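Chemist: Following this message is one structure expressed as structure tokens.
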Amino acid sequence: MTSAQTEISEVDSTARFPLSLLLAFAVLWALAGGALALLNYAQTLDPALLADCALLTYGRVRGMQETALVYGWAGNAGFAVALWLLGRLSGAPLRSLNWVVVGTLFWNFGVALAIGGIAGGHGTSIVLLRMPAYVQWFLLAAFAAIAVPGVLAWTGRAHKPMFAAQWYAVAALFLFPWLFSAAHVMLVVAPLRGVLQPVAEAWFAQSLWTLWMAPVALAAAYYLVPKITGRAIPSYDFAGLGFWTLLVIGAWTGGRHLIGGPVPAWIATIGIVACAVLTFHYLVVAINLSGAFRRSGFTLKFVAFGVAAYVLGGFADAVLSLRSVAEVTQFTWMSQAQSQLALLGAFSMIVTGAIYFLVPRIANQPWVSTPLIRAHYAAAVIGVIALVGGLAAAGIVQGRDLNNAAVALVDIATHTRPWLLVAAAGQALLLVGNLVLAAHLVRLWTTKPETPAAELIREPHAMEASAS
Amino acid sequence: MRNGLLFFVGLFAALVFSWAGVVLWPNQQLARLAPLFDENEGKAFPLRAPGLAAQGQQVYADLGCAVCHTQQVRRPGFGADKERGWGEHQSVARDYIYQTRVHLGESRVGPDLANAGGRKAPYDEEDLLKLLYAGAGGMPSYKFLFEQRSIANRQPSDHALPLYGNLTPPVGQEVVPTHRARALVAYLLSLKQTYEYPEARPVEPAAPKEPEKQ
């Protein structure tokens with residue numbers, strides 16, 4: 001009990017309800033998005049599936065799935081982790097938490113409205129911004145409300161020097177509204193002319209990843225790895241350089257999606273060069289977070305897999321953006337493999353690790369069952385590998401066939417089918433893993449808090465604020 | 001990093017820098033792209049699409065067609081776009097200046113549609129409507145864009161689809177495309193990149209000079 005009291009401070013316990021609410025919504029959307037994704041792969045394998053149902057047309061299900069996973073799961077889970085980190089690192093309880101509760105309710109109402117709107121035919125067909133135009137301002141307002149305690153925690157922090165986790169979390173909180181509203185204006189309110197639209201879309205899709213999702217995941221990793229291993233981050237001096245490389249160069253890589261397209265060639269060239277330069281950032285992250293691979297406890301296992309996926313994805317981007325490679329892999333399942341590796345491999349794994357770390361602390365009670373965590377970990381790891389590997393293999397087959405005009409499109413579908421089956425199996429496993437997490441959370445929240453998390457938690461409270 | 005204000009300004013500068021480079025700079029280059037007047041043909045290209053096509057573009061967007069179809073032809077020699085009959089030459093920025101929403105697309109599960117309205121093979125409104133109704137290969141059928149109704153007490157519709165084989169509707173019934181289906185097909189037929197702009201022509205390598213004969 002005593003060791004628990006040093007760890008479970010009011011920093012965590014005051015935020016119990018708002019953060020639990022965010023996590024509950026996150027897991028619900030992960031389940032909904034996973035089910036929709038599975039339906040989408042089933043439709044790829046059998047195009048006649050639900051084809052008569054206008055609400056569940058293939059193209060719309062893709063949009064619904066993407067919105068549920070990116071704005072539902074990644075949004076809610078990212079808020080919870082970022083707010084919790086900023087609170088801890090500021091050394092004081094989060095303030096103005098009512099804003100989070102209100103914002104969370106509105107955000108999730110917005111996501112539900114967005115998915116319903118896409119099903120009803122109001123979607124925009126813009127990658128990562130497929131929700132109807134009328135939902136977009138709604139989400140922006142909800143975001144502002146949720147971010148309030150994070151901003152207050154940062155401006156009111158007890159220690160002026162900031163730790164790497166704070167840079168990333170603050171960057172994610174501040175930049176999302178800017179880039180989201182910029183995209184809204186450029187693509188929806190007053191659309192740019194002609195091919196400038198796809199150029200702006202590429203910029204937005206890339207920014208959403210490098211300036212919002214990746215920073216949230218990295219914030220969690222930069223906090224958890226030194227905290228759990230109890231060792232300083234190796235080559236920490238380079239962390240700042242790695243951070244600014246991501247922020248300054250990251251969004252420039254969007255042009256790689258336009259290789260060979262009807263835009264000036266320099267846009268693609270800059271994208272390719274930016275991908276190569278960005279490998280420096282991935283290298284810094286790999287060195288800084290190498291402690292994750294020491295593997296003690298489930299949080300670190302999840303984080304380690306996520307960091308590996310993140311770094312692998314970065315180097316894969318650099319290779320796949322080369323023109324000679326893009327000639328084959330462009331417009332194939334390979335691009336889907338890349339985005340799923342980023343979202344479900346890197347972001348989701350790191351953030352899930354963080355969830356396993358923070359839930360016992362805010363709820364002041366340990367996880368109910370280790371086998372359940374082990375089952376989730378196994379399902380997630382095998383699921384991501386099968387999903388991304390299957391999609392990548394299907395992409396290579398499809399790309400080669402597409403560049404051989406003698407192969408009919410129907411035959412390409414036959415050739416990629418086995419690999420897409422593997423991918424669908426991976427998606428199913430991921431869904432099972434999230435079901436396990438949901439069941440575990442329900443069990444934890446419904447059991448009475450009689451045994452505090454004393455056994456699980458040993459690190460002194462002093463770590464958090466003085467880690468810089 | 002101690003100074004919060006400086007950090008915040010840095011974050012904002014990073015975002016503005018990438019936005020200016022990736023979006024604003026191309027905007028300077030492309031926003032004033034003008035149509036090209038061809039003296040021989042006596043008209044300016046690209047041609048304006050009919051109003052129904054603009055409605056069809058929204059149907060294309062809301063059904064998420066761009067998930068499986070691209071609308072961009074890569075230059076001959078880069079991929080096999082020309083060999084597949086998707087277009088004779090590369091798509092260029094000028095092809096898209098009149099489109100309210102540009103759907104370059106992200107993957108090619110189905111064929112490229114940049115020239116869906118300019119195919120050499122007979123490919124007219126009726127063919128496309130039948131394709132949407134029946135589906136083909138990996139493409140699902142979009143029956144909800146059609147209405148099957150009774151012709152018991154009225155004249156058959158002028159727009160009724162002539163269907164044969166196992167698609168034939170029951171006796172006394174007809175299949176009529178909805179307004180959305182007709183708009184979508186008008187949009188597809190408006191997609192034509194047959195005019196070759198100077199910037200779409202490949203740069204020929206300079207031929208080695210023949211020694212001049214006396």
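The values are calculated or read from the model by the stated rules, or taken from the named source; none is laboratory data. Quantities reported herein were computed from a predicted structural model and do not represent experimental measurements. Cβ: placed from backbone, ideal geometry, glycine included. Neighbour counts: every protein chain shown.
Chemist: Collect the residues in segment B:1-32 that are surrounded by 12 or more Cβ atoms within 10 Å (Cβ to Cβ), within 30 Å of B:A183 (Cα to Cα) and more than 7 Å from chain A (Cβ to nearest Cβ), keeping them in residue-number order.
Modeler: Correct list: empty.
Chemist: Same structure, new question: Does B:L52 meet the test of being in a helix (DSSP H, G or I) and away from chain A (no Cβ under 13 Å)? Let's see the steps before the verdict.
Modeler: Working: in a helix (DSSP H, G or I): yes; away from chain A (no Cβ under 13 Å): yes.
It is true that B:L52 is in a helix (DSSP H, G or I) and away from chain A (no Cβ under 13 Å).
Residue by residue, here is whether (1) buried (at least 17 other Cβ atoms within 10 Å of the Cβ); (2) under 30 Å from B:T70 (Cα atoms); (3) out of contact with any Cys (no Cβ under 8 Å at 6 or more places or on another chain); (4) at pLDDT below 95 holds:
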| site | (1), (2), (3), (4) |
| --- | --- |
| A:D237 | no, no, yes, yes |
| A:L241 | no, no, yes, no |
| A:G271 | yes, yes, yes, no |
| A:A274 | yes, yes, yes, no |
| A:H281 | yes, no, yes, no |
| A:V284 | yes, no, yes, no |
| A:T299 | yes, no, yes, yes |
| A:F305 | yes, no, yes, no |
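Chemist: Tally up the residues in segment B:68-80 that are at the interface with chain A (Cβ under 9 Å from one of its Cβ atoms), part of a loop (DSSP other than H, G, I, E, B) and not polar (S, T, N, Q), please.
Modeler: Going through segment B:68-80 one residue at a time, the tally reaches 6.
Chemist: Consider only pairs whose beta carbons are under 8 Å apart and that are at least six residues apart or on different chains; among these, list those whose first residue lies in segment A:108-123 and is more than 21 Å from B:V67 (Cβ to Cβ) and whose second residue is buried (at least 24 other Cβ atoms within 10 Å of the Cβ) and of a type in the set (S, T, N, Q).
Modeler: A:N108/A:N76
Chemist: Can you find, within segment A:391-441, the residue that is nearest to A:G313 (Cα to Cα) among those that are in contact (Cβ under 8 Å) with a residue 60 or more places away in the chain and of a type in the set (D, E, K, R)?
Modeler: Within segment A:391-441, the match that is nearest to A:G313 (Cα to Cα) is A:R400.
Chemist: In segment A:44-63, what count of residues is obtained for those that are part of a helix (DSSP H, G or I) and either within 16 Å of the chain's Cα centre (by Cα) or surrounded by fewer than 20 Cβ atoms within 10 Å (Cβ to Cβ) (or both)? Steps first, answer last, please.
Modeler: Taking segment A:44-63 as the starting set, the residues that turn out to be part of a helix (DSSP H, G or I) are A:44-45, A:54-56, A:58-63.
This time we only want the ones that are either within 16 Å of the chain's Cα centre (by Cα) or surrounded by fewer than 20 Cβ atoms within 10 Å (Cβ to Cβ) (or both), so: A:45, A:54-56.
Going through segment A:44-63 one residue at a time, the tally reaches 4.
Chemist: Please verify whether A:V70 is at pLDDT 95 or above, of a type outside the set (D, E, K, R) and either within 15 Å of the chain's Cα centre (by Cα) or under 21 Å from A:F176 (Cβ atoms) (or both), treating the condition exactly as stated. Even if it seems obvious, please write down each step before you answer.
Modeler: On the way: at pLDDT 95 or above: yes; of a type outside the set (D, E, K, R): yes; either within 15 Å of the chain's Cα centre (by Cα) or under 21 Å from A:F176 (Cβ atoms) (or both): yes.
Yes, satisfied.
Chemist: From A:F347, A:F331, which residue is under 28 Å from A:I396 (Cα atoms), among the aromatic types (F, W, Y), buried (at least 20 other Cβ atoms within 10 Å of the Cβ) and within 13 Å of chain B (Cβ to nearest Cβ)? Write out each step before concluding.
Modeler: Working: A:F347 fails: within 13 Å of chain B (Cβ to nearest Cβ).
Unique residue meeting the criteria: A:F331.
Chemist: When you go through (1) more than 24 Å from A:Q206 (Cβ to Cβ); (2) without any contact (Cβ under 8 Å) to a residue 24 or more places away in the chain; (3) surrounded by 14 or more Cβ atoms within 10 Å (Cβ to Cβ) one by one for B:P35, which number turns out not to apply?
Modeler: (2)
Chemist: Sort out which residues of segment A:224-257 are among the basic types (K, R) and either away from every other protein chain (no Cβ under 12 Å) or closer than 18 Å to B:F7 by Cα (or both), and write them in order of number. Step through it out loud before you land on a result.
Modeler: Step one: filter segment A:224-257 for residues among the basic types (K, R), giving A:227, A:231, A:256.
Of everything in segment A:224-257, those that are among the basic types (K, R) and either away from every other protein chain (no Cβ under 12 Å) or closer than 18 Å to B:F7 by Cα (or both) turn out to be A:K227, A:R231.
Chemist: Can you tell me which residue among B:F78, B:F37 is touching a strand residue (DSSP E or B) at 6+ places or on another chain (Cβ under 7 Å) and not aliphatic (A, V, I, L, M)? Can you show your working first?
Modeler: Working: B:F78 fails: touching a strand residue (DSSP E or B) at 6+ places or on another chain (Cβ under 7 Å).
None of the other options fit; the residue is B:F37.
Chemist: When A:S125 is evaluated against the numbered criteria (1) in a helix (DSSP H, G or I); (2) within 14 Å of chain B (Cβ to nearest Cβ), which criterion, by number, is the only one it fails?
Modeler: It is condition (1) that A:S125 fails.
Chemist: Check B:G64 against each of (1) more than 10 Å from every other protein chain (Cβ to nearest Cβ); (2) out of contact with any Leu (no Cβ under 8 Å at 6 or more places or on another chain); (3) surrounded by 21 or more Cβ atoms within 10 Å (Cβ to Cβ) and name the one condition it does not meet.
Modeler: (1)
Chemist: Of all helices (runs of 4 or more DSSP H) completely enclosed by segment A:133-250, which ones contain at least 1 residues that are more than 23 Å from A:G353 (Cβ to Cβ)? Spell out the reasoning first.
Modeler: Working: elements: A:133-155, A:164-184, A:196-208, A:214-229, A:239-249.
Those helices (runs of 4 or more DSSP H) span A:133-155, A:164-184, A:196-208, A:239-249.
Chemist: Picking from A:F204, A:F238, which residue would you name as being of a type in the set (F, W, Y) and closer than 23 Å to A:G110 by Cβ?
Modeler: Working: A:F238 fails: closer than 23 Å to A:G110 by Cβ.
Step by step, each of A:F204, A:F238 is checked, and only A:F204 is of a type in the set (F, W, Y) and closer than 23 Å to A:G110 by Cβ.
Chemist: Also, quick follow-up: Could you pull out the residue among B:T100, B:T70 that is within 13 Å of the chain's Cα centre (by Cα) and either within 30 Å of A:F243 (Cβ to Cβ) or exposed (fewer than 15 other Cβ atoms within 10 Å of the Cβ) (or both)?
Modeler: Working: B:T70 fails: either within 30 Å of A:F243 (Cβ to Cβ) or exposed (fewer than 15 other Cβ atoms within 10 Å of the Cβ) (or both).
Going through B:T100, B:T70 in turn, just one is within 13 Å of the chain's Cα centre (by Cα) and either within 30 Å of A:F243 (Cβ to Cβ) or exposed (fewer than 15 other Cβ atoms within 10 Å of the Cβ) (or both): B:T100.
Chemist: Also: Collect the residues in segment B:146-200 that are polar (S, T, N, Q), under 27 Å from B:P111 (Cβ atoms) and not in a loop (DSSP other than H, G, I, E, B), keeping them in residue-number order.
Modeler: Matches in segment B:146-200: B:N166, B:S190.
Chemist: Continuing with the same structure: Taking the condition in contact with a Ser or Thr (Cβ under 8 Å, 6 or more places away or on another chain), over 26 Å from A:P198 (Cα atoms), at pLDDT 95 or above and buried (at least 24 other Cβ atoms within 10 Å of the Cβ), does A:F79 pass? Before you say what the answer is, go through the steps one by one.
Modeler: On the way: in contact with a Ser or Thr (Cβ under 8 Å, 6 or more places away or on another chain): yes; over 26 Å from A:P198 (Cα atoms): yes; at pLDDT 95 or above: yes; buried (at least 24 other Cβ atoms within 10 Å of the Cβ): yes.
Here the answer is yes, as A:F79 does meet what is asked.
Chemist: What is the one condition in (1) touching an Asp or Glu at 6+ places or on another chain (Cβ under 9 Å); (2) without any contact (Cβ under 8 Å) to a residue 24 or more places away in the chain that B:G135 does not satisfy?
Modeler: (1)
Chemist: Here is a follow-up. Residue check, A:M213 against (1) under 17 Å from the mean Cα position of the chain (by Cα); (2) touching a residue at least 60 places away in the same chain (Cβ under 8 Å); (3) within 11 Å of another protein chain (Cβ to nearest Cβ), all met but one. Which one?
Modeler: Result: A:M213 passes all but (3).
Chemist: From the list A:G117, A:G123, A:G150, exactly one residue is crowded, with 19+ Cβ neighbours inside 10 Å and farther than 27 Å from B:F144 by Cβ. Which is it? Walk me through it before giving the result.
Modeler: Details: A:G117 fails: farther than 27 Å from B:F144 by Cβ; A:G123 fails: farther than 27 Å from B:F144 by Cβ.
Result of the check over A:G117, A:G123, A:G150: A:G150.
Chemist: Follow-up. Determine the pairs where a residue that is under 15 Å from A:A169 (Cα atoms), located within segment B:1-15, has a partner that is hydroxyl-bearing (S, T, Y) with Cβ atoms under 8 Å apart, the partner being 6 or more residues away or on another chain.
Modeler: B:G4/A:T155
Chemist: Go through segment A:167-193 and give me each residue that's facing chain B (nearest Cβ under 10 Å), within 21 Å of A:R130 (Cβ to Cβ) and free of Cβ contacts under 8 Å to residues at least 12 places away in the same chain.
Modeler: Within segment A:167-193, A:W178, A:P191, A:L192 qualify.
Chemist: Return the pairs, sorted by first residue and then second, in which the second residue is assigned to a loop (DSSP other than H, G, I, E, B) and hydrophobic (A, V, I, L, M, F, W, C), the first residue lies in segment B:98-121 and is facing chain A (nearest Cβ under 9 Å) and free of Cβ contacts under 8 Å to residues at least 24 places away in the same chain, the beta carbons are less than 8 Å apart, and the residues are 6+ apart or on different chains.
Modeler: none
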